[in-house]
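Visitor: First the structure, which I've put down as structure tokens, then a few questions once you've had a look.
Just so it is clear, none of the values below were taken in a lab; they were calculated from the coordinates. These figures come from a predicted structure and were not determined experimentally. Ideal geometry is used to build each Cβ from the backbone, glycine not excepted, and the neighbour counts take in all protein chains shown.
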Amino acid sequence: MSKFTLSASPREVIGRQVKKLRKEGITPASLYGKKIKSLSLQVSTKETLSTYKDVGESILLYLKVKGEPDPRPVLVSDVTFHPSTRQLLHVSFHQVDLKEKVTVPVPVELVGDSPAEREKLGILVQQTDSLEIEALPTDMPDHLDADVSSLSEVNQSVYAKDIKLSAKLTLKSDPETIIAKIEPLAKEEKVEAPPPAEEVPAEGAGEAPTQPRPGAVCRSVEGQKSRASTPCRKCGHSVAKARVRRGNHHRGCVWHLIGCSAPPEG
């Protein structure tokens, strides 16, 4: 297995000032571990992204800290990206003891050809993409293989217990965890055309306008009443003075709106 290394240097910039580092292509990082003092570090963003693609969170990485004679054996424990821009924001390194076992998530890859999917009986769906594995840091694999060549029927599954592990590895996840499963094909639903919409006549259409009785008193559009009234200059009906300016009160005369044909009052 290849030996991966990454250069780092002590970081003095903290808080919101780390935004300036990111603009310069530098990512803030931290280092922690058992029986060691935690350190604030900074690493090259470009080199870190390239290295992370190779090691993930399960492969041993040697961190070369500026000013220190020996590289530190570490595992990448956490990587933070911006949710929308996907910019690398922070990296955490866990320094490990090469003689002590650790438990880390190891990616699972599907191998083989499923007869059920090949014959279009169902769809192969991977439900779990990593498993917790315990091993020495130097024995930790970069991935696990899950063979799906035995899946020949719908609803058949490959479980975590079905994955073959070497004697140096111990499965820490639930053995009954489903890794991949043959799901039934989705049934095509017939979409029926909606019935034609019925035409609804407009309110009041085809109806003769309501005629007021002679001598009735008009009311304003706002529906407010007034005891004092005055004849409308346009139709002669009495019009409530509520909120009607003198000289323009006929604008609020409802009889005009309904096609008044009754003779004027009085």
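Visitor: What list of ³J(HN,Hα) values in whole Hz, one per residue of the range 111-121 in order, does the Karplus curve 6.51 cos²θ - 1.76 cosθ + 1.60 (θ = phi - 60°) give from phi, with Gly and Pro shown as x?
Guide: Ordered by residue, 3J(HN,Hα) equals 10, x, 10, 7, x, 5, 6, 4, 8, 6, 8 Hz.
Visitor: So, one more: Starting at the first residue of the range 81-92, write each ³J(HN,Hα) from the Karplus equation 6.51 cos²θ - 1.76 cosθ + 1.60 with θ = phi - 60°, in whole Hz, x for Gly and Pro.
Guide: Those phi angles translate into 10, 5, x, 9, 8, 6, 6, 5, 9, 7, 10, 10 Hz.
Visitor: Also, I was wondering about something else. Would you work out the Kirkwood radius for the range 103-184? I mean one over the mean of 1/r across all pairs of different Cα atoms, in Å.
Guide: With all distinct Cα pairs of the range 103-184 included, I get 13.1 Å.
Visitor: Assuming R0 = 51 Å, can you tell me the calculated FRET efficiency for the pair Asp145 and Glu192, based on Cβ-Cβ distance, to the nearest 0.05?
Guide: 0.60
Visitor: Tell me which residues come under 5 Å, amide H to amide H, from Val43 once H is placed; ignore anything under 5 positions away on its chain.
Guide: Thr27, Ala29
Visitor: Amide H to amide H under 5 Å from Ser152: which residues, 5+ apart in sequence or cross-chain, H placed 1.01 Å off N in plane?
Guide: Ala116
Visitor: Another question, if that's okay. Based only on other Cβ atoms within 10 Å, what is the fewest-to-most ordering of Ile123, Ile182?
Guide: The most exposed by this proxy come first: Ile123, Ile182.
Visitor: Just for the Cα atoms in the range 1-89, what are the lengths along the principal axes, largest first, rounded to whole Å?
Guide: Here the spans come out as 34, 26, 21 Å, largest first.
Visitor: Rank these for me by crowding, His82, His94, going from fewest to most other beta carbons within 10 Å.
Guide: Least crowded to most crowded, the residues run His82, His94.
Visitor: List, in order, the whole-Hz ³J(HN,Hα) value for each residue of the range 149-161 obtained from phi through the Karplus relation with A = 6.51, B = -1.76, C = 1.60 and θ = phi - 60°; use x for Gly and Pro.
Guide: After applying 6.51 cos²θ - 1.76 cosθ + 1.60, I find 5, 8, 7, 10, 9, 5, 6, 6, 9, 10, 9, 4, 5 Hz.
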